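K.L.:
Structure provided below as structure tokens; questions to follow.
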Amino acid sequence: MRLSRYFLPVLKETPAEAQIVSHRLMLRAGMIKQASAGIYSWLPMGYKVLSRIKQIVDEEQERAGHIPMLMPTLQPAELWQESGRYNDYGREMLRIEDRHGRDMLYGPTNEELVTDVFRSYVRSYKDMPLTLYHIQWKFRDEVRPRFGVMRGREFYMKDGYTFDLTKEAALHAYNRHLVSYLRTYERMGLQAIPMRADGGPIGGDYTHEFLVLAETGESEVFYDSEITDLRFGDREIDYDNVEQCEAVLEEFTSRYARTDETHDDAIFAEVPEERRRTARGIEVGQIFYFGTKYSDSMNAKVQDPEGNLVPVHMGSHGIGVSRLLGAIIEASHDDKGIIWPEGVTPFHCGIVNLKQGDEEADAACESLYAQLKAAGLDPLYDDRNERAGGKFATMDLIGLPWRITVGPRGLKNGVVEVTSRKTGGSEEMTPEVAIQRIVGIYA
Ligand code: ATP
Ligand code: MG
């Protein structure tokens, strides 16, 4: 993309309404525009990162054997009356009446709808296990929408639903989700720690929230510092292998890590004092096995191998796709702007032409741009007629991990400069080597 033809409305001023750094930077970098409280337009660069995050979530879900589909945002009230949640949900649910006087709602989540899909088609244990997921907009009329996309009213969520014949099988589905989530967040350059969460009125031990540690997080968390040394890394995993998935769950959940809802001082006191940590965290996902809650109330039954009709065991597993943009920025920025992890960056690198209109500099930039594109990358070429300082400030603000700087002086010696946004370190090299370097990073 050429910046002169792109739509990147960066702001010089720091918007007064934004209280936390990710919100400020998303506004300043021209990623989002508020439409009304907690509801945003995703401007081109924000939309690009959102799509990138969605793609990673999709890839990791499909790797785990989970099946993508799409359910609507507007749902009929009847299904929620059936499950009993129509009244329970209260004022957070946006209720709508259509022209025929039918009660509708903008879905805050999808258990009812997906259970209705399941019970309409699945009759036998032979059709299970089954995990259906979608990535769709949700609406929750939060009392206090704030922090930009972090706590929106309209937000983008991945929600997956597991259907199994037995509790045992459902717990394997739970473990499979835990593993796939660890991989997903690491690919985004994030450390998200599974913490024991509160099962709410349904209770049960089988729910974990994934938290990214950040001062601005809304949850208070307590953990054993050893947990921050764990990485999933590039290990191979067979998602059908029950023992393998269980071993990962054991490894990542055996140390103390809880949110304030489940925190227990007495158990925490058993962690050696020097490893006890209290901090704040951003919830970027949650996994939840809830047994037969919805299959009981909504009569979703299948035939087991003995021919008995039994309610199906279910779980819900969510990732806050739009909230992740905020969480990533909270975890990765400096006072100049965003520092995108390579996995989610909107453009692979920036090209800064120090002297637009200089024949040699223009030609070198065009050639770099064309070759990077030919190699399958997506560079952002700042071809505007601007001062170098302004171009650098924009690049730093929007946070592309790599920048290639091209100017007449370097070209006289046959070199361009490659700069890492994260370390600030620069290195001179020929344009050919620069291309190899950038292509190599994303290979
Ligand atoms: P919270 O406790 O933050 O209100 P939740 O536990 O009610 O969230 P879930 O139902 O678990 O949310 O939804 C799955 C994921 O969706 C959450 O882990 C979170 O990352 C994201 N999410 C929930 N509410 C919002 C919101 N208002 N804005 C943006 N993302 C959200
Ligand atoms: Mg949650």
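The values are calculated or read from the model by the stated rules, or taken from the named source; none is laboratory data. Bear in mind that the values here come from a model prediction, so they are computed numbers and not experimental data. So basically every Cβ, Gly included, is an ideal-geometry build from the backbone, and we count neighbours across all protein chains shown. Side chains are part of the model used for accessible areas, which takes the heavy atoms of the whole protein and leaves out ligands, DNA and RNA. Shrake-Rupley method; radii C 1.70, N 1.55, O 1.52, S 1.80 Å.
K.L.:
Here are the criteria: (1) within 30 Å of Leu132 (Cβ to Cβ); (2) crowded, with 20+ Cβ neighbours inside 10 Å; (3) assigned by TED's automatic domain parsing to the domain that holds Thr109. Tell me which single one Val344 does not satisfy.
P.N.:
Exception for Val344: condition (3).
K.L.:
Can you name the helices (runs of 4 or more DSSP H) wholly within the range 343-443 that have at least 1 residues being within 25 Å of Lys12 (Cα to Cα) and small (Gly, Ala, Ser)?
P.N.:
Details: elements: 359-374, 388-398, 408-412, 431-442.
Fully inside the range 343-443 and qualifying: 388-398.
K.L.:
Taking the range 269-297 on its own, how many of its residues are open to solvent by 20 Å² or more (accessible area, probe 1.4 Å) and more than 16 Å from ligand 1 (Cβ to nearest atom)?
P.N.:
Residues flagged as open to solvent by 20 Å² or more (accessible area, probe 1.4 Å) and more than 16 Å from ligand 1 (Cβ to nearest atom) within the range 269-297 amount to 13.
K.L.:
Then there's this: Criterion first (away from ligand 1 (no atom under 14 Å from the Cβ), farther than 14 Å from Ile319 by Cβ and either of a type in the set (A, V, I, L, M, F, W, C) or touching a Gly at 6+ places or on another chain (Cβ under 7 Å) (or both)) does Leu171 satisfy it?
P.N.:
Answer is yes for this residue.
This table checks each residue for (1) open to solvent by less than 40 Å² (accessible area, probe 1.4 Å); (2) within 16 Å of ligand 2 (Cβ to nearest atom); (3) of a type in the set (Phe, Trp, Tyr).
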site	(1), (2), (3)
Gly30	yes, no, no
Glu60	yes, no, no
Met69	no, no, no
Trp80	yes, no, yes
Asn87	no, no, no
Gly90	yes, no, no
Thr109	yes, yes, no
Ser120	no, no, no
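K.L.:
Collect the residues in the range 331-363 that are β-branched (Val, Ile, Thr) and farther than 17 Å from Gly189 by Cα, keeping them in residue-number order.
P.N.:
Let us first name the residues in the range 331-363 that are β-branched (Val, Ile, Thr), namely 338-339, 344-345, 351-352.
Once the filter is applied, which keeps residues that are β-branched (Val, Ile, Thr) and farther than 17 Å from Gly189 by Cα, the range 331-363 yields Ile351, Val352.
K.L.:
Let me ask something additional. Checking the conditions here, which among Glu209, Glu154, Glu168 is under 26 Å from Asp240 (Cα atoms), under 22 Å from the mean Cα position of the chain (by Cα), open to solvent by 10 Å² or more (accessible area, probe 1.4 Å) and not hydrophobic (A, V, I, L, M, F, W, C)?
P.N.:
Values: Glu154 fails: under 26 Å from Asp240 (Cα atoms); Glu168 fails: under 22 Å from the mean Cα position of the chain (by Cα).
Going through Glu209, Glu154, Glu168 in turn, the sole match is Glu209.
K.L.:
Is at least one residue of the range 92-103 open to solvent by 30 Å² or more (accessible area, probe 1.4 Å), in a strand (DSSP E or B), of a type outside the set (Val, Ile, Thr) and free of Cβ contacts under 8 Å to residues at least 12 places away in the same chain? Break it down stepwise before answering.
P.N.:
Residues of the range 92-103 that are open to solvent by 30 Å² or more (accessible area, probe 1.4 Å), as a first pass: 92, 94-103.
Keeping just the survivors that are in a strand (DSSP E or B) gives 94-97, 103.
Those left that are additionally of a type outside the set (Val, Ile, Thr): 94-95, 97, 103.
Okay, now just the ones that are also free of Cβ contacts under 8 Å to residues at least 12 places away in the same chain, so 97.
Within the range 92-103, one or more residues are open to solvent by 30 Å² or more (accessible area, probe 1.4 Å), in a strand (DSSP E or B), of a type outside the set (Val, Ile, Thr) and free of Cβ contacts under 8 Å to residues at least 12 places away in the same chain.
K.L.:
Right, something else. Within the range 318-327, identify whether any single residue is within 14 Å of ligand 1 (Cβ to nearest atom) and either out of contact with any strand residue (DSSP E or B) (no Cβ under 9 Å at 6 or more places or on another chain) or open to solvent by 20 Å² or more (accessible area, probe 1.4 Å) (or both), and answer yes or no. Before you say what the answer is, go through the steps one by one.
P.N.:
Of the range 318-327, the ones within 14 Å of ligand 1 (Cβ to nearest atom) are 318-327.
After this cut, where a residue has to be either out of contact with any strand residue (DSSP E or B) (no Cβ under 9 Å at 6 or more places or on another chain) or open to solvent by 20 Å² or more (accessible area, probe 1.4 Å) (or both) as well, the list is 323.
Yes, the conditions are met somewhere in the range 318-327.
K.L.:
For the range 258-310, give me each residue that is of a type in the set (Val, Ile, Thr) and under 30 Å from Gln61 (Cα atoms).
P.N.:
Across the range 258-310, the qualifying residues are Thr259, Thr262, Ile282, Val284, Ile287, Thr292, Val302, Val310.
K.L.:
Kindly evaluate Glu220 against the criterion of being within 16 Å of ligand 2 (Cβ to nearest atom) and either assigned by TED's automatic domain parsing to the domain that holds Gly318 or closer than 29 Å to Lys167 by Cα (or both). Steps first, answer last, please.
P.N.:
Working: within 16 Å of ligand 2 (Cβ to nearest atom): yes; either assigned by TED's automatic domain parsing to the domain that holds Gly318 or closer than 29 Å to Lys167 by Cα (or both): yes.
Answer is yes for this residue.
K.L.:
With respect to Leu190, is the statement that it is in contact (Cβ under 8 Å) with a residue 24 or more places away in the chain, in a helix (DSSP H, G or I) and among the aliphatic types (A, V, I, L, M) true? So that I can check it myself, show each step before the final result.
P.N.:
Numbers: in contact (Cβ under 8 Å) with a residue 24 or more places away in the chain: yes; in a helix (DSSP H, G or I): no; among the aliphatic types (A, V, I, L, M): yes.
When the stated conditions are applied, Leu190 does not pass them.
K.L.:
For the range 113-152, how many residues are assigned to a helix (DSSP H, G or I) and of a type outside the set (Lys, Arg)? Quick ask: steps written out before the conclusion?
P.N.:
Looking only at the range 113-152, we keep the residues that are assigned to a helix (DSSP H, G or I), and these are 113-121, 125-127, 148-150.
The next check asks that each one be of a type outside the set (Lys, Arg); those that pass are 113-118, 120-121, 125, 127, 148-150.
So the count comes out to 13.
K.L.:
Moving on to the next point. Kindly indicate whether Phe147 is open to solvent by less than 50 Å² (accessible area, probe 1.4 Å), on the phi > 0 side of the Ramachandran plot and either of a type outside the set (Ser, Thr, Tyr) or more than 16 Å from ligand 2 (Cβ to nearest atom) (or both). Steps first, please.
P.N.:
Values: open to solvent by less than 50 Å² (accessible area, probe 1.4 Å): yes; on the phi > 0 side of the Ramachandran plot: yes; either of a type outside the set (Ser, Thr, Tyr) or more than 16 Å from ligand 2 (Cβ to nearest atom) (or both): yes.
Here the answer is yes, as Phe147 does meet what is asked.
K.L.:
Before we move on, is Val406 open to solvent by 10 Å² or more (accessible area, probe 1.4 Å) and not aromatic (Phe, Trp, Tyr)?
P.N.:
Values: open to solvent by 10 Å² or more (accessible area, probe 1.4 Å): no; not aromatic (Phe, Trp, Tyr): yes.
In short, no.
K.L.:
Then there is this: Within the range 415-425, identify whether any single residue is over 22 Å from Asp334 (Cα atoms) and open to solvent by 30 Å² or more (accessible area, probe 1.4 Å), and answer yes or no.
P.N.:
Of all residues in the range 415-425, those over 22 Å from Asp334 (Cα atoms) come to 415-416.
Next cut, open to solvent by 30 Å² or more (accessible area, probe 1.4 Å) only: none.
There is no residue in the range 415-425 that is over 22 Å from Asp334 (Cα atoms) and open to solvent by 30 Å² or more (accessible area, probe 1.4 Å).
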